[in-house]
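Novice: Sharing a structure here in structure tokens format.
Derivation of every value follows stated rules applied to the coordinates shown; laboratory data play no part. Quick caveat: nothing in here was measured; it's all calculated off a predicted structure. Every residue, glycine among them, receives a Cβ derived from its backbone with ideal geometry; neighbour counts consider all protein chains shown.
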Amino acid sequence: MTTAATYNEHGNTTKATLFLAFELSEKTWKLGFTTGHGQKPRERTVPARHQERVLDEIAQAKRRLGLPDTAPVVSCYEAGREGFWLQRFLQGHGITNHVVDSSSIEVNRRRRRAKSDGLDVRKLLSMLLRYAHGERQVWQVVKVPSVEAEDHRHLHRDLETLKYHDPHRGVAQ
């Protein structure tokens, strides 16, 4: 087992860290855990939006990867319709999280790319390690809006949903 050292803003080594990448989908979330490059990631699938299960998987990953319960956790996920409640939840539990602009994630354009949640979570995990070790051009981090600004955006989406999806007719109007 390898244990990654992370670096603070002064370039000094800090204690071992658990890295976590989320691949969010409608019904399930894929979680990928590692402590550094060269280690096969621990992957888990949990029901979408199941907060306690996420915390349980983090605790299990720390035990499985030989980290103390107090080890810091650094995570990331792609910005999407899920919004930023997950960011606030993770921060509330002492987890450093990065919300990533999905259009800024590098892809090889020369060949067809296989697509699966497992591949995506491993790619995010690799990029998170690079970012944590100081490579800032890996991706663009999204500025998380205030709760009020996010609620305002969701009101607009909710209104569109009500306008165009009449549940009694089953079709868009």
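Novice: Quick one: length gained pulling Arg63 to Gln137 fully straight, 0.36 nm per residue minus the C-alpha distance? The partial results should precede the final answer.
Specialist: Numbers: separation 74, 0.36 × 74 = 26.64 nm, distance 3.20 nm.
Residue separation times 0.36 nm, minus the Cα-Cα distance, leaves 23.4 nm.
Novice: Here is a follow-up. Could you check the simple spin-label distance between Glu52 and Ser104, using points 7 Å along Cα→Cβ, in nm with one decimal?
Specialist: Result for the modelled spin labels: 3.6 nm.
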